[in-house]
1. So B:Gly79 fits all but one of (1) under 19 Å from the mean Cα position of the chain (by Cα); (2) of a type outside the set (Lys, Arg); (3) at the interface with chain A (Cβ under 10 Å from one of its Cβ atoms); what number is the exception?
2. Take the stretch B:22-43 and flag every residue that is of a type outside the set (A, V, I, L, M, F, W, C), assigned to a strand (DSSP E or B) and under 17 Å from B:Arg76 (Cβ atoms).
3. Name the residue, out of A:Arg68, A:Arg45, that is charged (D, E, K, R) and at pLDDT 95 or above.
4. If B:Gln144 passes every condition in (1) in contact (Cβ under 8 Å) with a residue 40 or more places away in the chain; (2) away from chain A (no Cβ under 14 Å) but one, which one does it miss?
5. Return yes when B:Gly173 is within 14 Å of DNA strand D (Cβ to nearest atom), modelled with pLDDT of 95 or more and either in a loop (DSSP other than H, G, I, E, B) or not assigned by TED's automatic domain parsing to the domain that holds B:Ile72 (or both) and no when it is not.
6. Residues in the stretch A:173-205 that are at positive phi and of a type in the set (Asp, Glu): how many?
7. Of the numbered conditions (1) away from DNA strand C (no atom under 16 Å from the Cβ); (2) in the same structural domain as B:Val112 (by TED's automatic domain parsing), B:Glu160 satisfies every one except a single condition; which is it?
8. For the stretch B:128-143, how many residues are over 24 Å from B:Leu182 (Cα atoms) and surrounded by 22 or more Cβ atoms within 10 Å (Cβ to Cβ)?
Number of protein chains: 2
Amino acid sequence: MRPEDAAAIRDLPLFSDAQEETFGDLVRAGFLQRFPPGVVLINERDPADFLHVVVEGLVEMFATGSGRDTTISIVRPVGTFILAAVLNDQVYLQSARTLEKSQVLMIPAERVRVALGTDPAFARAVVTELARGYRRAIKEVKNQKLRTGAERLSNWLLKEDVAQGASGVVNLGFEKRVLSSLLGMTPENLSRAFSTLREHGVTIHGAQMRLTDRQALARLAQPDPLIDSDE
Amino acid sequence: MRPEDAAAIRDLPLFSDAQEETFGDLVRAGFLQRFPPGVVLINERDPADFLHVVVEGLVEMFATGSGRDTTISIVRPVGTFILAAVLNDQVYLQSARTLEKSQVLMIPAERVRVALGTDPAFARAVVTELARGYRRAIKEVKNQKLRTGAERLSNWLLKEDVAQGASGVVNLGFEKRVLSSLLGMTPENLSRAFSTLREHGVTIHGAQMRLTDRQALARLAQPDPLIDSDE
DNA sequence: CGCGAGATTGATGGTAATCAACGAACGTGG
DNA sequence: CCACGTTCGTTGATTACCATCAATCTCGCG
């Protein structure tokens, strides 16, 4: 692992307060692996053997059921996934696949559970991280149950614009089909939703989306911090 | 508080492993309050001042947005709510209202956060409980994104039947409009979904629902432990 | 240049929300 | 005890939203 990667992981909210020894143990016990795009890293229903940290690349969390499948979230560097399954020693509820060439640190679940008992600061960080994930999931339920597809898209655009520097230009880092699944709609409907948003100042150029009138878009989206904020 | 109520709270997964002192502190610091039906206990957007424990009665967690509102969950005795907001000292994402005459123990948030630092067993239980809530929420996202309304209703019926003793008779403990909102549909659509389920062995008599052919219902519902199981 | 995957557009059907009316159940007050 | 009113649930008609199927288009790449 490159020193700057180790430093980035150390700076994660989950690890930043942990004792040096705890952090060292976890990272030393972990495997840093490289994967090409499109590789399935974990499968729902499998027992949770590793906590995963995306060091580089892009990972899609998805789930299947009733003959359909849906994207639950996109994990960027440096983010972790399936912490909850690891802690309670349960099976994964979601599957994960790489969207790009990626580098993933895999930490044995048992080590994480041990660290939880030996390092109170780490335990506190785990609580914070879990609570954050819990709240994110509740927000997603609200997003799905309270909004139409076009509203979800509008709010996603506004949020992503801010995340990318509020320049009014949003670059989609993955395929539109993935975005449509993340937003809970079909690719066809996403395409139509984009057409609708043209009248509200959204223009598409391939994977690049321009927001020319963010106020108009916000009027349509009606963003709500209790759904859209990351905190 | 009646001794049997205290004992029931003590037996909660969240408290059962805690030190006697921790538990005593939390309960002594708490207020046990009685509320008539229809009272709003907490409002989304308000800072999280108390951890709530439903000792008796029934509480609906709900949320608003985009001019609509939706039921997120129903909390029965003895269950807790808004643990995540309390731990991270944030605002509530959900509101709560009593559906029946209820008795609720309110524990000051600050005490909970302190106990987290002084009692490792309690901290471990909090982690387990949070992870459980997180996974429940992810399951609910899957339920919403992967299933139709009739499928959600069928699975709810099957699960509730088991919870009530697998007698094939399910008693709805609250209004149908609440159930419809919990399932993410309108009251009208719930009514129509029930009609559809008649052909699959479901008959309605007021608030009592009979499942006369659970196999047929299961064929329609296609229950999935990764969505429907409580664990 | 031609292929193929992804994206778009069109046509259609299904699922769900909305609006409106009616009916059943319950509680209250006469 | 009954009449009335309110609330909840159901049913019907209509509209909006979304999924599906099919065809075409775009673009990157061999």
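1. (3)
2. Applying the first criterion (of a type outside the set (A, V, I, L, M, F, W, C)) to the stretch B:22-43 yields B:22, B:24-25, B:28, B:30, B:33-34, B:36-38, B:43.
When the remaining residues are screened for being assigned to a strand (DSSP E or B), the result is B:33-34.
Answer for the stretch B:22-43, where residues must be of a type outside the set (A, V, I, L, M, F, W, C), assigned to a strand (DSSP E or B) and under 17 Å from B:Arg76 (Cβ atoms): just B:Arg34.
3. Values: A:Arg68 fails: at pLDDT 95 or above.
Of A:Arg68, A:Arg45, the one residue that is charged (D, E, K, R) and at pLDDT 95 or above is A:Arg45.
4. Going through (1) in contact (Cβ under 8 Å) with a residue 40 or more places away in the chain; (2) away from chain A (no Cβ under 14 Å) one by one, B:Gln144 breaks only (2).
5. Details: within 14 Å of DNA strand D (Cβ to nearest atom): yes; modelled with pLDDT of 95 or more: no; either in a loop (DSSP other than H, G, I, E, B) or not assigned by TED's automatic domain parsing to the domain that holds B:Ile72 (or both): yes.
No: the conditions fail for B:Gly173.
6. Filtering the stretch A:173-205 down to residues at positive phi leaves A:184, A:201.
The next check asks that each one be of a type in the set (Asp, Glu); those that pass are none.
Summing the residues that are at positive phi and of a type in the set (Asp, Glu) in the stretch A:173-205 gives 0.
7. Here B:Glu160 clears every test but (2).
8. The initial filter retains those residues of the stretch B:128-143 that are over 24 Å from B:Leu182 (Cα atoms), namely B:128.
Applying the additional criterion that residues be surrounded by 22 or more Cβ atoms within 10 Å (Cβ to Cβ) yields none.
The number of residues fulfilling the criteria is 0.
The values are calculated or read from the model by the stated rules, or taken from the named source; none is laboratory data. In this text the structure is predicted, and so the values were computed from the model without any measurement. For neighbour counting, all protein chains shown are included, and Cβ atoms are generated from backbone atoms with ideal geometry for every residue, glycine included.
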